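Heads up: the structure comes next, in structure tokens.
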Amino acid sequence: MINIYVEKLRKVVKGKIAVFIDAANLEQSVRDMWVNPKDIPENLKHIPTNKLQWSVDYRKLKEIFKSIGKVEMVRFYSANFQTESHINFMYFLRKGLCFVLNTKPLKEYNDHTIETPHRKANFDVELSIDATFYMNKFDTLILFSGDCDFEYLLKFMRGHGKIAIVFSRSGHVAKELPPSANYYFDIIDFRHEILRVIK
């Protein structure tokens with residue numbers, strides 16, 4: 001079955017593609033998505049819907065863009081959780097999928113309790129500088145984030161003749177971002193192309 005949103009994306013992408021992924025923002029918005037029973041694969045249908053969640057399938061994510069155009073780079077910005085599973089995951093992204101990784105330790109803030117700590121690793125500056133530094137290598141910028149801090153970057157890219165496309169989730173995207181981009185896509189419309197259901 002043809003996904004009309006993929007076809008629209010195919011029409012608006014121009015030239016070389018650079019994908020920039022704000023991992024924390026993307027993964028949080030995906031985790032909050034409701035799993036519709038009709039989207040559950042056969043091997044998980046015995047599990048209650050409230051025990052399932054969506055997860056980003058980064059191999060599928062890269063493949064969908066490769067099927068649309070020439071992917072010049074995929075850059076991934078994430079906190080370094082320093083667990084064995086996260087180290088293995090990052091190794092897979094770097095070696096298996098050839099993602100360019102940018103990581104740093106989580107910073108802990110004192111505005112929450114010990115029981116519910118506030119930890120964060122912002123990459124607004126790093127991502128924006130990298131996008132600007134490498135802008136001569138791509139024609140279309142794909143940004144996976146809903147963070148309002150990227151408004152200026154999107155406007156800058158458009159002002160320099162780039163196609164700026166934002167992927168985020170409705171309810172998880174700042175109101176400033178869609179008008180600042182050439183095009184905005186809701187991740188839910190690409191759930192079968194870039195996500196998978198997990199328990």
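The values are calculated or read from the model by the stated rules, or taken from the named source; none is laboratory data. Values in this document were obtained by computation on a predicted structure and should not be read as measured data. Using ideal geometry, Cβ is built from the backbone for each residue, glycine included, and neighbour counts are taken over all protein chains shown. SASA here: full protein model, heavy atoms, side chains in, ligands and nucleic acids out. Shrake-Rupley method; radii C 1.70, N 1.55, O 1.52, S 1.80 Å.
Structure values in brief
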read-out	value
Total residues in the stretch 141-153, condition more than 15 Å from the chain's Cα centre (by Cα) and open to solvent by less than 60 Å² (accessible area, probe 1.4 Å)	2
Any hit, the stretch 6-19, residues being under 16 Å from R191 (Cβ atoms), surrounded by 12 or more Cβ atoms within 10 Å (Cβ to Cβ) and among the basic types (K, R)	yes
Subset of the stretch 20-40 [part of a loop (DSSP other than H, G, I, E, B) and open to solvent by 50 Å² or more (accessible area, probe 1.4 Å)]	D32, W34
Test: L127 is outside any strand (DSSP E or B), modelled with pLDDT of 95 or more and surrounded by 16 or more Cβ atoms within 10 Å (Cβ to Cβ)	yes
Unmet requirement for F133, which otherwise passes all of (1) open to solvent by 70 Å² or more (accessible area, probe 1.4 Å); (2) free of Cβ contacts under 8 Å to residues at least 60 places away in the same chain; (3) closer than 24 Å to V6 by Cα	(3)
The stretch 166-182 - residue that is of a type outside the set (D, E, K, R) and over 13 Å from L143 (Cβ atoms) and, of those, surrounded by the most Cβ atoms within 10 Å (Cβ to Cβ)	H172
Single residue of the stretch 60-90 satisfying the filter (out of contact with any Leu (no Cβ under 8 Å at 6 or more places or on another chain), surrounded by 13 or more Cβ atoms within 10 Å (Cβ to Cβ) and part of a helix (DSSP H, G or I)) that is modelled with the lowest pLDDT	H86
Selected residue [assigned to a helix (DSSP H, G or I), on the phi < 0 side of the Ramachandran plot and within 18 Å of the chain's Cα centre (by Cα)] from L93, L101	L93
